[in-house]
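See structure below.
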Amino acid sequence: MMSLEIILFIASILFGIVLYWRESKTNKVYRFFNKLFYSKELQMKSDSNKGFVYQQSFLMRLVYIAVLFLLGIVIVRFLIPIDLATLSLFASGIFGTLVGTYLANLVFKSSEVLDEKGDSFVDAVKDTVEKGKEYIKDLEAKDTKALEEAKKEIKKEPEVPKKSARQRLKDKGHL
């Protein structure tokens, strides 16, 4: 049963993505129900893109998706008399569809941002690459200077170790 829930969860994520994408392209079904339920003064404007899940708040999105799944479960119960539509499948389907709509929203928003600010991103990446190259050159220059200084220190004569205070006292005969 758990594998069926996982399969339904993944399928519902994909369903949520497709549902969000379809409503971003056209909202004819939402417009139909809007005209059916509201008077002429209260109907949505013709330039509005709002749909059941597209440009909706979380709570309304949750309500519309839950109603959609309830209708689906009722249809499945009449078509297939086997008890497949359990509460856990219902919950994982709703949650997966919600996750899918938010994933699709994230993809749409990020693609819009990339389209608007794509040139500035390219410039920022080029600047970062140039700064990185300069930093590496600076590190290489510092490394060669440090290496030359170390070689000079190695070439110098090692100093003769001085006698310790104890040894000097022994030489004077005090110890």
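For the reader, a short list of remarks on this structure follows.
- Sparse packing (at most 13 other Cβ atoms within 10 Å of the Cβ) combined with a DSSP loop state is found for the following GluC sites (Glu not before Pro) in region 5-53: 41.
- If the convex hull is drawn through the Cα atoms of the chain, its volume per residue in Å³: 325
- Take residue 103: with every protein chain present and a 1.4 Å probe, its accessible area is about 70 Å².
- Helix 87-155 axis, angle to the chain major axis (alpha carbon atoms, nearest 10°): 20
- Projected label distance in nm at residue 36 and residue 138, using a 7 Å step from Cα toward the beta-carbon: 6.7
- From the largest down, region 31-107 spans 46, 31, 16 angstrom on the principal axes of its Cα atoms.
- Helix 2-25 and the long axis of the chain differ in direction by around 80°, with both axes built from C-alpha atoms.
- Contour minus Cα-Cα distance for residue 80 and residue 115 (0.36 nm per residue): 7.9 nm
- Estimated vicinal HN-Hα couplings, Hz - region 39-56 in sequence order (Karplus 6.51, -1.76, 1.60; Gly, Pro = x): 6, 4, 6, 9, 5, 5, 6, 5, 8, 7, 9, 4, x, 5, 10, 7, 6, 10
- Converting the Cα gyration tensor eigenvalues of region 52-91 into ellipsoid dimensions via √(5λ) gives semi-axes, longest first, of 25, 10, 5 Å.
- With protein chains left intact and a 1.4 Å probe, residues in the chain average 82 Å² of accessible area per residue.
- Surface composition of the chain: carbon plus sulfur atoms hold 65% of the accessible area, using a 1.4 angstrom probe and ignoring ligands, DNA and RNA.
- When the residues 61, 77 are ordered by accessible surface, computed with a 1.4 Å probe over the protein chains alone, the sequence from largest down reads 77, 61.
- Farthest toward positive dipole pole in the chain [+1 Lys/Arg, -1 Asp/Glu at C-beta], among 169, 48, 107: 169
- Fully extended contour minus Cα-Cα distance, from residue 47 to residue 25, at 0.36 nm per residue: 6.6 nm
The values are calculated or read from the model by the stated rules, or taken from the named source; none is laboratory data. Treat the numbers as computed from the prediction; the structure is a model and nothing was measured. Glycine gets a Cβ as well: all are built from the backbone with ideal geometry, and neighbour counts include every protein chain shown. Note: areas computed on protein heavy atoms with side chains; ligands, DNA, RNA excluded. Shrake-Rupley method; radii C 1.70, N 1.55, O 1.52, S 1.80 Å.
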